[in-house]
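Notes to accompany the following structure.
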Protein chains: 2
Amino acid sequence: MKNMKHKSLMLHKKHPGKLEVISTIELTTPEDLSLAYSPYVAEPSKAIHQNIKDVYNYTSKGNMVAVISDGSAVLGLGNIGPEAALPVMEGKAVLFKTFANIDAFPIVLDTQDPKTIIDTITHIAPGFGGINLEDISAPNCIIIERALKEILDIPVFHDDQHGTSIVTLAGLINACRLTNRKLEDLEIVISGLGAAGGNIARLLHKMGIRHIYGYSLEGVTSYQHYQTYDFSVQELLDDNIVLSSNLKTLPELIKNKDVFIGVSAKNIVDKNMIQTMHQNPFIFAMANPDPEISYPEAKQAGAKVVGTGRSDYPNQINNVLAFPGLFKGVLKARAKNINDEMKIAAAKAIAAIIKDDELHDDYIIPSPFDKRVAEAVSNAVYEQAKRDASK
Amino acid sequence: MKNMKHKSLMLHKKHPGKLEVISTIELTTPEDLSLAYSPYVAEPSKAIHQNIKDVYNYTSKGNMVAVISDGSAVLGLGNIGPEAALPVMEGKAVLFKTFANIDAFPIVLDTQDPKTIIDTITHIAPGFGGINLEDISAPNCIIIERALKEILDIPVFHDDQHGTSIVTLAGLINACRLTNRKLEDLEIVISGLGAAGGNIARLLHKMGIRHIYGYSLEGVTSYQHYQTYDFSVQELLDDNIVLSSNLKTLPELIKNKDVFIGVSAKNIVDKNMIQTMHQNPFIFAMANPDPEISYPEAKQAGAKVVGTGRSDYPNQINNVLAFPGLFKGVLKARAKNINDEMKIAAAKAIAAIIKDDELHDDYIIPSPFDKRVAEAVSNAVYEQAKRDASK
C-alpha cells in the first residue's frame with residue numbers, strides 16, 4: 001500500500017497532472033492560421049450569433065463537461081479546499097474521456113458559499129454542454145444542484161448524489177432477478193441520508209419501493225428527531241420517501257428487513273444483525289475505504305448478495321458504470337436536464353449487461369472495465385431523452 | 001474568399017470545435033484506476049493540502065491558462081455574446097498549444113458586468129496557472145485586468161491590450177536599427193486610444209519615448225476634449241504619456257512626425273498625409289481587416305517601413321509572436337504577474353530574431369511561423385522574471 005501511495009505521487013508528478021488540452025487541427029500554414037483564427041474564425045462566430053444552436057455545430061460545447069468542486073467534501077478527506085481537490089477532479093475528467101470519449105475539464109472554486117457557487121457556475125456555463133458537480137458537502141450540494149437545474153438549459157448532475165443511486169439500483173434489480181424477488185416488495189434500511197443516501201431513497205421510491213427506513217448519526221430517522229435533521233432529510237420524511245420509525249437502534253431497525261444499504265461509516269453492522277434480517281438479504285456496504293461490514297463477514301452471516309465500494313471484492317458499486325454513459329446519452333440527445341426516468345434507464349442498462357446464465361451472487365454488477373457498459377447506458381439514456389422530448 | 005469562409009465552417013464542423021481534453025495516462029487495469037482515481041488519488045490531494053505549492057507538482061495547473069471572454073468585443077464583430085465568441089477563444093487555445101505547448105482552455109461568460117466578471121474569474125482561478133483575458137470591450141477590460149492583478153497571485157494578461165504593444169515595440173526597435181534612429185527620439189501619433197492603443201502608448205513611454213500624440217473618434221487628444229474621454233484616456237493625459245495637442249485634425253497632427261501607429265479605423269490616412277511626415281517614416285497601420293492606409297499606398301507615399309495586421313503583406317504585427325512565449329516564460333518562472341519589464345524583454349527577443357544582415361524594410365518582424373520566436377521570448381521573459389524575483 002505504501003508502494004501504491006508512492007506510485008500515485010510519481011504518476012501525478014510525471015506530466016504533471018493527468019490532463020492535456022490539445023488542438024484537433026494542424027496549424028502549419030498561413031491558411032491554417034487564417035481559418036482557425038483571424039480572420040475566418042469570424043464565420044462560425046457569425047453563424048452562432050445568428051443562430052445560437054449552431055454553437056453545437058461549430059464548437060466543442062456539445063461534448064464538453066465541466067467537473068466542478070468547491071473542495072468541501074473530497075473523497076474521504078473532507079474539506080481540503082480547491083487546490084487539493086484538483087487531482088480528484090482531473091481524475092474524474094480522465095474517467096469521462098477514457099470511458100465515454102467525453103471532453104471534461106476540472107474547475108475548482110475558491111468559494112464554499114452556495115449562492116456564490118450557483119452564480120459562478122451560471123456565468124461560466126455557456127461553453128459547456130453539461131455540468132458535473134463533484135465532492136461538494138451536503139446539504140449545499142443539494143441546494144446548488146437544484147438551483148442550477150432551474151437556471152441552466154444544460155444537464156446538471158451531482159454525481160455523489162445520483163451516480164451511486166443509479167448503480168445501487170442496478171445491483172438491486174439484478175439481486176431481485178437472481179432471487180426471483182420483486183423490487184417493490186423489498187423492505188430496506190439505508191444508513192446515511194446525506195447526498196448519496198437521500199438520492200438512493202428517492203430513486204428506489206420512484207421504482208415503487210414503499211418500505212424504506214433511514215438511519216444516520218442522529219439515530220433512526222423519525223419525526224421524533226425531526227428538529228435535528230437538515231432540510232433534505234426532513235423532505236424525505238415529509239414526502240414519505242423514508243418512513244418514520246419508532247424503533248431506537250440500528251439492530252432493531254435492520255431486523256426483518258430484506259436489504260441494508262450503507263453510505264455511512266465503517267463497522268456499524270455486525271454478523272448478528274444480518275442474521276436477524278429476512279432470509280437471503282442483500283447487503284450493499286459502500287462506506288469507503290472501510291465498509292459498514294466487510295464482504296467476508298457479511299457472506300458468513302448469510303447475506304445472499306454483497307456489494308461494496310471496493311475494487312478488491314465482487315460487485316463493486318462504482319459510479320464510473322453510470323456517469324460516462326449517462327452524460328454521453330444526454331449530450332447526444334442535447335437533453336436540457338437529467339431526470340429520474342433517464343437514471344432508471346441507465347440502471348436497467350447496467351443491470352442488463354449481465355445475462356441470465358452469467359448472473360450469480362458475486363456477479364450482479366458488471367466490471368468498471370466492461371466496455372459494453374458506457375455504450376449500453378448511453379443508448380438507453382439517449383432513447384429515454386428522445387421519448388421525453390417527443391412528449 | 002467565399003471559398004475560405006466555407007472552408008472555415010467545414011473545419012469547425014468536422015470535430016466539431018478545435019479542442020479536445022485528453023488524458024496523459026492510460027486506464028486499462030484496476031491498478032491504473034486506483035492510482036489515477038479512488039483511492040490513491042488521495043495521495044497528491046493530501047500532499048497539496050499540506051503544502052499548497054505542490055499543486056504545481058501534482059496537477060496540470062502550472063501549464064494551464066484560461067482564455068476568458070465576455071464576448072463583448074470579438075474580432076471585428078463587436079458584442080456578439082459568449083457562445084459566438086467561443087470559436088475565437090478555442091482558436092486562441094489552439095495557438096497557445098501549437099506555438100508554446102501550453103494547455104489553454106476557453107471560458108466564455110454570460111455576464112458583461114465588470115464586478116461580476118472579476119468575482120467569477122477570482123472564484124475559478126485556483127485550477128489555472130494564468131489568465132488570458134480576450135476580446136473584452138474597453139474600458140471594462142482595463143478595470144477587470146487591474147482588479148484581477150491585485151486579487152490573484154497568478155499572471156493575468158489582457159492580450160488585446162498588451163500583445164499588440166509588445167509586437168509594435170519589437171517592430172519599432174527593428175525599424176530604428178534599420179535606419180540608425182534612436183527610439184527615444186521618435187515623435188509618434190497613435191490613432192485609437194482604446195485597449196490596444198493606450199497600452200502601446202504606455203509601453204513606448206516606458207521605453208523613454210516622450211513625444212506621443214493621440215487621435216481618436218473624439219479628434220486629437222487634448223485637455224480641450226477632456227470631458228468626452230473615458231477614464232483610461234484621461235489617465236494617459238494626466239500621466240503625460242500622451243501629450244495634449246492644440247491641433248485639430250489628423251493631417252495637422254501627423255505632420256512632421258516620425259511614426260504613425262493605427263489601431264483604429266480603415267482609410268483614415270492618405271498619401272498626402274504621409275508625405276508631410278519626417279523623412280523615412282514608419283507606418284504601422286493595424287486596423288483589421290482594412291488598415292488605416294494600405295501597404296502599397298503607404299510605400300508609394302514614401303514610408304520606409306510599413307507594418308499591418310494582415311498576413312498577406314510584410315511585417316505582420318501579430319500577437320501570436322508574443323503571448324505564447326510570454327506565458328511560457330512566466331509559467332516556467334511561476335511569476336505572480338506580468339510586468340512591463342517582461343513585456344519589454346519579450347519585444348526585444350522578438351526583434352533580435354532578425355539578424356543585422358537579414359534586416360530590411362519588409363522584414364522587421366519575424367514570421368508567426370518562425371519556431372524560434374516563442375522559445376526566444378519564453379527564455380527572455382523567464383530570465384527577466386527570475387531577475388524580478390531575486391530583487
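The values are calculated or read from the model by the stated rules, or taken from the named source; none is laboratory data. Being a predicted model, the structure only gives us computed values, none of them experimental. Here the Cβ positions follow ideal geometry from the backbone for every residue, glycine too, while neighbour counts run over all protein chains shown. Ligands, DNA and RNA are excluded from the accessible area calculation, which covers all protein heavy atoms including side chains. Shrake-Rupley method; radii C 1.70, N 1.55, O 1.52, S 1.80 Å.
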What is the set of long-range amide H partners of A:GLY262 at a cut-off below 5 Å, with H atoms built 1.01 Å from backbone N? A:SER191, A:PHE284, A:ALA285, A:MET286
Take peptide B:126-133, look around each residue's Cβ out to 10 angstrom, count Cβ atoms belonging to other protein chains, and average those counts. 4
Suppose you put the label 7 Å out from Cα in the Cβ direction; list, shortest first and in nm with one decimal, how far B:LYS336 is from each other copy's label. 4.6
Return the average number of partner chain Cβ atoms within 10 angstrom of each residue Cβ along peptide A:49-55. 5
Find every distance from the label point of B:ASN51 to the corresponding label point in the other copies (7 Å from Cα along Cα→Cβ) and write them in nm, one decimal, shortest first. 5.6
With 0.36 nm assigned to each residue of separation and the Cα-Cα distance removed, B:HIS225 to B:ASN256 gains 8.9 nm
Given chain A, what whole percent of its Cα pairs are spread farther than 40 Å? 17 percent
In whole Hz, the Karplus estimates of ³J(HN,Hα) for segment B:198-213 (6.51, -1.76, 1.60; θ = phi - 60°; x where Gly or Pro) are x, 7, 4, 4, 4, 5, 5, 4, 4, 7, x, 7, 10, 10, 10, 10
What number comes out for accessible area per residue over segment B:181-315 if the probe is 1.4 Å? Units Å², please. 43 Å²
Test item: Cα-centred dipole of segment A:151-216, Lys/Arg +1 and Asp/Glu -1 on Cβ, debye: 280 debye
With just the Cα atoms defining each centre, how far is segment B:226-253 from segment B:44-73? Give it in Å. 41 Å
Accessible area buried between chains A and B, both sides summed, probe 1.4 Å, in Å² to nearest 100: 8600 Å²
Averaged across B:70-79, how many Cβ atoms of other chains sit within 10 Å of each residue's Cβ atom? 3
Position B:GLN224, label points 7 Å along Cα→Cβ, spacing to each other copy in nm (shortest first, one decimal): 9.0
Mind listing the phi-derived Karplus ³J(HN,Hα) values for segment A:169-186, rounded to whole Hz, using 6.51, -1.76 and 1.60 with θ = phi - 60°, and x for any glycine or proline? 4, 4, x, 5, 4, 6, 5, 5, 4, 5, 10, 6, 9, 9, 3, 6, 7, 5
For chain A, what % of the accessible area comes from carbon and sulfur atoms, probe 1.4 Å? 49 percent
Report the antiparallel proportion of the DSSP beta bridges in segment A:59-191 as a percent, rounded to a multiple of 5. 5 percent
Backbone HN-Hα couplings from phi across segment B:23-36 [Karplus 6.51/-1.76/1.60, Hz, Gly and Pro as x]: 8, 8, 10, 9, 10, 10, 10, x, 5, 3, 4, 6, 7, 7
Ratio Rg/Rh, restricted to segment B:185-292 and using Cα atoms, in which Rh is the Kirkwood radius: 0.93
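Accessible area per residue for segment A:1-122 in Å², computed with a 1.4 Å probe and the full protein assembly in place, what is it?
So segment A:1-122 comes to 36 Å² accessible per residue, rounded to a whole number.
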Quickly rank B:308-316, B:254-262 as a protection proxy: mean count of other C-beta atoms within 10 Å, highest first. B:254-262, B:308-316
Can you give the Kirkwood hydrodynamic radius of segment B:65-202 from its Cα pairs, in Å with one decimal? 16.0 Å
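Send over the per residue convex hull volume for the protein assembly as shown, Cα only, as a whole number of Å³.
166 Å³
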Restricting things to alpha carbons, find the Rg to Rh ratio for segment B:1-145 using the Kirkwood radius for Rh. 1.05
Separation of the A:ARG210 and A:THR249 label points, Cα + 7 Å toward Cβ, nm: 3.1 nm
Based on a Kirkwood Rh over C-alpha pairs, give the Stokes-Einstein translational diffusion coefficient of segment B:258-374 at 20 °C and viscosity 1.002 mPa s in µm²/s. 140 µm²/s
Dipole magnitude of segment A:1-153 about its Cα centre (Cβ charges: Lys, Arg +1; Asp, Glu -1), debye to nearest 20: 660 debye
Could you please state, rounded to a whole Å, how far the C-alpha centre of segment A:105-145 is from the C-alpha centre of segment B:128-145? 23 Å
List the relative contact order of chain A as a percent without decimals, with contacts defined as Cα pairs under 8 Å and 6+ residues apart. 13 percent
Tell me which residues come under 5 Å, amide H to amide H, from A:LEU133 once H is placed; ignore anything under 5 positions away on its chain. A:ILE68, A:PHE157, A:HIS158, A:ASP159
Quick check on packing: order B:369-380, B:67-78, B:180-191 by the mean number of other C-beta atoms within 10 Å, highest mean leading. B:67-78, B:369-380, B:180-191
Relative to 2.2 N^0.38 Å, what does the C-alpha radius of gyration of segment B:134-249 come to as a ratio? Two decimals please. 1.10
